[in-house]
Amino acid sequence: MKITKHAAVTIHYSLTDQEGRLIESSFEAEPMVYLHGTEGLIPGLETELEGKVVGDKFDANIPTEQAYGEYHDGLKQEVPLEAFGDIEDIVPGMRFIAETEMGQRPVQVTEVKDTVVVVDGNHPLAGQALNFSVEVMDVREATAEEIAHGHIHAAGGCGSEHAHEACGTDKPGCDGNGGCGCH
């Protein structure tokens, strides 16, 4: 089966920057599983995967605009320390969800000063072209439930009774954060 819209795809990949430094790799861990055609991957990599089949291996250089986009200085700002409430020990690298004029946005702490915290709303890889080495491990038709929810489900399915019992939640279906309950 070829990778097309709504295929459930399993890949191994390694990601390097333009200087060849390894950013991350799945080859020594679990492969990545995603629903093709639902914006679960950066646009450039999803385009490269279109039409591939199990066993295909390829390298792809994804330009900045097809990866995480350009870096925007306006997404970096200083926030008063008081805005973090009771949170103690704020350190660079911590991530928060910030309320902005454009709704909720993930931000990362880049610097902590005496009375302010510098946060950055850019993706950590914004402004960079990225290099991928990919191996297609599996391609199957997604279930109707996976297509309806916009992501692949772990064994047991979204809303699986035992899966929710295992994590202590009685919430059926999707959690609204790209996952289903706790799995």
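Kindly state, to the nearest 0.05, the FRET efficiency for Val112 paired with Asp73, given R0 = 30 Å and r defined as their beta-carbon distance. Please report the intermediate quantities before stating the final value.
Working: r = 20 Å, r/R0 = 0.65.
Taking R0 as 30 Å, the efficiency between Val112 and Asp73 is 0.95.
At most 16 other Cβ atoms within 10 Å and a DSSP loop assignment: could you name the chymotrypsin sites (Phe, Trp or Tyr not before Pro) in the stretch 43-95 that fit?
Values: sites: Phe58, Tyr68, Tyr71, Phe84; in loops: Tyr68, Tyr71.
Those satisfying the criteria are Tyr71.
Could the peptides 126-132, 143-149 be put in order, highest first, of the mean number of other beta-carbon atoms found within 10 Å of their residues? Please report the intermediate quantities before stating the final value.
Working: 126-132: 18.0, 143-149: 15.0.
In decreasing order of mean packing, 126-132, 143-149 become 126-132, 143-149.
So if I take the centroid of the Cα atoms in the stretch 76-125 and the same for the stretch 1-44, what is the distance between those two points in Å?
Centre-to-centre distance over Cα atoms comes out at 28 Å.
Hand me the trypsin sites (Lys or Arg not before Pro) from the stretch 62-123 located in a DSSP loop with no more than 12 other Cβ atoms within 10 Å, in residue order please. If you can, show how the numbers build up before the last one.
Numbers: sites: Lys76, Arg95, Lys113; in loops: Lys113.
Loop-located and lightly packed - Lys113.
Heavy atoms only, probe 1.4 Å: what % of the accessible area of the stretch 19-100 goes to carbon and sulfur, would you let me know? Present the calculation step by step, with values, prior to reporting the outcome.
On the way: 2760 of 5650 Å².
Answer for the stretch 19-100 is 49 percent, counting heavy atoms of protein chains only.
Take the alpha carbon atoms of the stretch 1-147, find their radius of gyration, then divide it by 2.2 N^0.38 Å using N residues; give the quotient.
On the way: Rg = 18.5 Å, N = 147, 2.2 N^0.38 = 14.7 Å.
The value comes to 1.26.
The values are calculated or read from the model by the stated rules, or taken from the named source; none is laboratory data. Everything quoted here is computed from the prediction, not taken from an experiment. Positions of Cβ are generated from backbone atoms using ideal geometry, with glycine treated the same way; all protein chains shown enter the neighbour counts. We work out accessible area using only protein heavy atoms, side chains counted, and drop any ligands, DNA or RNA first. Shrake-Rupley method; radii C 1.70, N 1.55, O 1.52, S 1.80 Å.
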